[in-house]
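Novice: One structure, as structure tokens, below. Some questions next.
Values in this text are rule-based calculations from the coordinates and carry no lab data. All figures in this text were calculated on a predicted structure; none of them were measured in a lab. Here the Cβ positions follow ideal geometry from the backbone for every residue, glycine too, while neighbour counts run over all protein chains shown.
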Amino acid sequence: MKRFMILLSCLLLLSGCSGNWGWYVVNPTTNTGWNNLSFMMSGAYYTIILSLTAICISVIVGLLVALPGLSDKRGWRMFNRTYVEIVRAVPILVLILWVYYGLPALSGITLNVFWAGVLALALSDSAFQAEIFRAGIQSIPKGQYEAAQSVSLNYRDTMRFVILPQAIRHILPALGNQLVYMMKMSSLVSVIGMQELTRKANELVVSEYRPLEIYTILVLEYLVLILIVSAGVRWLERRMNASED
């Protein structure tokens, strides 16, 4: 927040450099500017909750899709490849529109904008998560499997207690990158009316007619969010590495 206010102050100082700039619309020292900033930042809650919900679902689905890809049976591996290739090939914006407008016509299930956005984001990301998990699990030495078998662990317990804890340490940076990606892609849900950061900015542009100033603040909002998430991921990596040592 401190960095955000410093950047905002710098932009406000530039407001006198050109008569065409209107930073007053986001000036926190005026009632109008403060109300506009509050209106924009109120969308942060939906951006965060949308991204976190979608990433949690995509991690679970991605893991479930990744496991068949490690099977010795060709049919299970084909299921994995088919799912990953189809989902990964569909642009996320198209998937959002299909889930919100097409899914009700196909199945009769009507979703509100939040759950339509969550489902579309989670489905799109699950294909990438499946590949991340598959690579992480394959990076574990075969000796770990043999050690688990020597103490009579079945496949489920081997994955749960031996393989996945080690794999997660390996793939944590990639999972962090996917959370950053998810937060950025959540902006696309604004096209179906989700009141997140981008939607709030678009509505304010319509009323204030100041796209440069408003979208600049939007960039800074996403920058602050991404910096916080990145710092959290790095902290978690250090904690896991320290516990492993």
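Novice: In the stretch 139-158, is there at least one residue being out of contact with any helix residue (DSSP H, G or I) (no Cβ under 7 Å at 6 or more places or on another chain), surrounded by 14 or more Cβ atoms within 10 Å (Cβ to Cβ) and in contact (Cβ under 8 Å) with a residue 12 or more places away in the chain?
Specialist: no
Novice: What's the number of the only condition in (1) of a type in the set (S, T, N, Q); (2) in contact (Cβ under 8 Å) with a residue 60 or more places away in the chain; (3) within 28 Å of residue 99 (Cβ to Cβ) that residue 202 fails to meet?
Specialist: (2)
Novice: Here is a further query. Within the stretch 105-113, identify whether any single residue is under 24 Å from the mean Cα position of the chain (by Cα), buried (at least 22 other Cβ atoms within 10 Å of the Cβ) and either touching a residue at least 60 places away in the same chain (Cβ under 8 Å) or within 19 Å of residue 172 (Cβ to Cβ) (or both), and answer yes or no. Outline the logic, then answer.
Specialist: First, the residues of the stretch 105-113 that are under 24 Å from the mean Cα position of the chain (by Cα): 110-113.
Then keep just the ones that are buried (at least 22 other Cβ atoms within 10 Å of the Cβ); that gives none.
No, that holds for no residue.
Novice: Every residue in the stretch 161-218 that is over 21 Å from residue 126 (Cα atoms) and aromatic (Phe, Trp, Tyr), please.
Specialist: 161, 209, 215
Novice: Mind checking which residues of the stretch 57-86 are touching a residue at least 24 places away in the same chain (Cβ under 8 Å) and either within 16 Å of the chain's Cα centre (by Cα) or at positive phi (or both)?
Specialist: Correct list: 57, 58, 59, 61, 62.
Novice: A further question on this structure: Please state which of the following conditions residue 187 fails to meet, knowing it meets all the rest: (1) farther than 26 Å from residue 86 by Cα; (2) part of a helix (DSSP H, G or I).
Specialist: (1)
Novice: Would you mention how many residues in the stretch 25-66 are surrounded by fewer than 17 Cβ atoms within 10 Å (Cβ to Cβ) and out of contact with any Leu (no Cβ under 7 Å at 6 or more places or on another chain)? Walk me through how you get there before you give the answer.
Specialist: Residues of the stretch 25-66 surrounded by fewer than 17 Cβ atoms within 10 Å (Cβ to Cβ): 28-32, 34-35, 38-39, 41-42, 44-45, 49, 52, 56, 60, 64.
Subsequent filtering for residues that are out of contact with any Leu (no Cβ under 7 Å at 6 or more places or on another chain) retains 29-32, 34-35, 38, 41-42, 45, 49, 52, 56, 60, 64.
Residues meeting the conditions: 15.
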